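All of the numbers you see were taken from the coordinates with simple rules; none came from a lab. Just so it is clear, the structure is predicted and the values come from calculations on it, not from any experiment. Using ideal geometry, Cβ is built from the backbone for each residue, glycine included, and neighbour counts are taken over all protein chains shown.
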Amino acid sequence: MTKEYTCIVCPQSCSLTVTEEKGEITVSGNKCKRGAEYGRNEHVAPKRMITTTVALKNGTIRTIPVISSDSVPKEKLFACLEYLYGLEVEAPVALHDVIVDDILGTGVSVLAARDAERAE
Ligand code: SF4
């Protein structure tokens, strides 16, 4: 079985061809090792980082940007985003504060991507 993917690891966006034959996976079209790893992972168990914003209560800004500590299974990405859209955290928040620990049982934490002061 052969499938085509676009590598999203860097802006070069290489076109990858992943072939699976007798349980062996080969990747071609990649310009570097990171692309080979991405192609293999994307074929076997695709994952995505979470980057979004969460509502902030009593802050000098209305939302706080957040990022996951690692990637989550792609099929859980939208459920994680839905969960985060329903959250509201209290200011102040510091860079790398844990906003959600082990989001939806993925073992991945969601962290603040910046500081946010409390409004006076
Ligand atoms: S294969 Fe390497 S060079 Fe090509 S997009 Fe992926 S990371 Fe970038």
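Here is how the numbers come out for the structure above:
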| read-out | value |
| --- | --- |
| Spin-label pair N41/V9, simplified geometry with 7 Å Cα→Cβ offset, distance in nm | 0.9 |
| Calculated [θ] (222 nm, deg cm²/dmol) that DSSP helices of n ≥ 4 give over the chain, each run adding -39,500 (n - 2.57) | -5000 deg cm²/dmol |
| Amide H within-cut-off set for L16, under 5 Å, with H built and near neighbours excluded | Y5, T6, C7 |
| Radius ratio Rg over Rh of segment 2-44, counting only Cα atoms, Kirkwood formula for Rh | 0.94 |
| Point-to-point label distance, N58-D115, nm (Cα→Cβ direction, 7 Å offset) | 1.9 |
| Neighbourhood charge, 12 Å Cβ-Cβ cut-off, centred on V93 and excluding it, Lys, Arg +1 and Asp, Glu -1 | -2 |
| Global size of the chain as Cα Rg and Dmax, reported in angstrom | 18.1, 64 |
